[in-house]
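*Asks:* Got a structure for you, questions after.
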Amino acid sequence: MSAGIYHEMIIDYSRNPLNFGKIEDHDVTFHDSNPLCGDSIDIDMKIKDDMIHEIKFHGKGCAICMACSSVLTEMAKGKSLGDARKLGKDDVLSELGLEHLQAVRIKCALLSLKVLKLALYTYLAGSPESGADGLKDEAANLY
Ligand SMILES: [Zn+2]
């Protein structure tokens, strides 16, 4: 796809984000922010049978942050926890043609992935056999 189409997708998602809102009876929620830009988001999830049954995000962010949060939550929805934790930065960036994003904007693009990983960590931390500790390291090393 051309860069123009990706640009339009980002603008469109930022105006009409997917999976935007709160889940009041969530099983897990996590918040983080990117003070440099002012992005601040929460991800809420309902988890059933080790699967992400429902996922929503809320908060505020720049166009890149809102677009990447939309794409990421859409990819994570319906995935098993095992598959969701394998989602990586390339999955998010390539979906929106952002592979060559400048370093200062990478935090905008990957904030939601960091929040997702830490939400999964928070959920799984209660069961040591899940090997959830790796998620914390992954989140810390994202950018
Ligand atoms: Zn931003």
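*Asks:* Just to verify a result, which residue in segment 1-45, among those that are part of a loop (DSSP other than H, G, I, E, B) and small (Gly, Ala, Ser), is modelled with the lowest pLDDT?
*Replies:* Among them, the one singled out is Ser2.
*Asks:* Mind listing whichever residues of segment 50-73 are in a loop (DSSP other than H, G, I, E, B), at pLDDT 95 or above and either in contact with a Leu (Cβ under 8 Å, 6 or more places away or on another chain) or farther than 19 Å from Cys108 by Cβ (or both)?
*Replies:* Gly61
*Asks:* Which condition breaks for Asp44 when tested against (1) more than 16 Å from the ligand (Cβ to nearest atom); (2) surrounded by fewer than 21 Cβ atoms within 10 Å (Cβ to Cβ)?
*Replies:* Evaluating Asp44 over (1) more than 16 Å from the ligand (Cβ to nearest atom); (2) surrounded by fewer than 21 Cβ atoms within 10 Å (Cβ to Cβ) leaves (2) as the failure.
*Asks:* With the requirement that a residue be buried (at least 17 other Cβ atoms within 10 Å of the Cβ), among the small types (Gly, Ala, Ser) and outside any helix (DSSP H, G or I), what does segment 84-122 give you?
*Replies:* Within segment 84-122, Gly97 is the sole residue that qualifies.
*Asks:* Would a scan of segment 8-15 turn up a residue that is closer than 30 Å to Gly126 by Cα and under 15 Å from the mean Cα position of the chain (by Cα)?
*Replies:* no
*Asks:* Just need a number here: residues in segment 48-81 that are touching a strand residue (DSSP E or B) at 6+ places or on another chain (Cβ under 6 Å), over 12 Å from Asn19 (Cβ atoms), away from the ligand (no atom under 16 Å from the Cβ) and of a type outside the set (D, E, K, R).
*Replies:* The total comes to 3.
*Asks:* Can you tell me which residue in segment 22-36 is surrounded by the most Cβ atoms within 10 Å (Cβ to Cβ), limited to those that are away from the ligand (no atom under 16 Å from the Cβ) and not charged (D, E, K, R)?
*Replies:* Phe30
*Asks:* Given the options Asp83, Asp32, Asp42, Asp91, name the one that is under 12 Å from the mean Cα position of the chain (by Cα) and free of Cβ contacts under 8 Å to residues at least 24 places away in the same chain.
*Replies:* From the options Asp83, Asp32, Asp42, Asp91, the qualifying one is Asp91.
*Asks:* While we're here: What residue, of Ala84, Ala119, Ala103, Ala76, is among the small types (Gly, Ala, Ser) and over 22 Å from Ser130 (Cα atoms)?
*Replies:* Ala103
*Asks:* Do we find that Asp133 is without any contact (Cβ under 8 Å) to a residue 60 or more places away in the chain and under 29 Å from Glu24 (Cβ atoms) in this structure?
*Replies:* The answer is no for Asp133.
The values are calculated or read from the model by the stated rules, or taken from the named source; none is laboratory data. For clarity, every value in this text was computed on a predicted model and none was experimentally measured. Ideal geometry is used to build each Cβ from the backbone, glycine not excepted, and the neighbour counts take in all protein chains shown.
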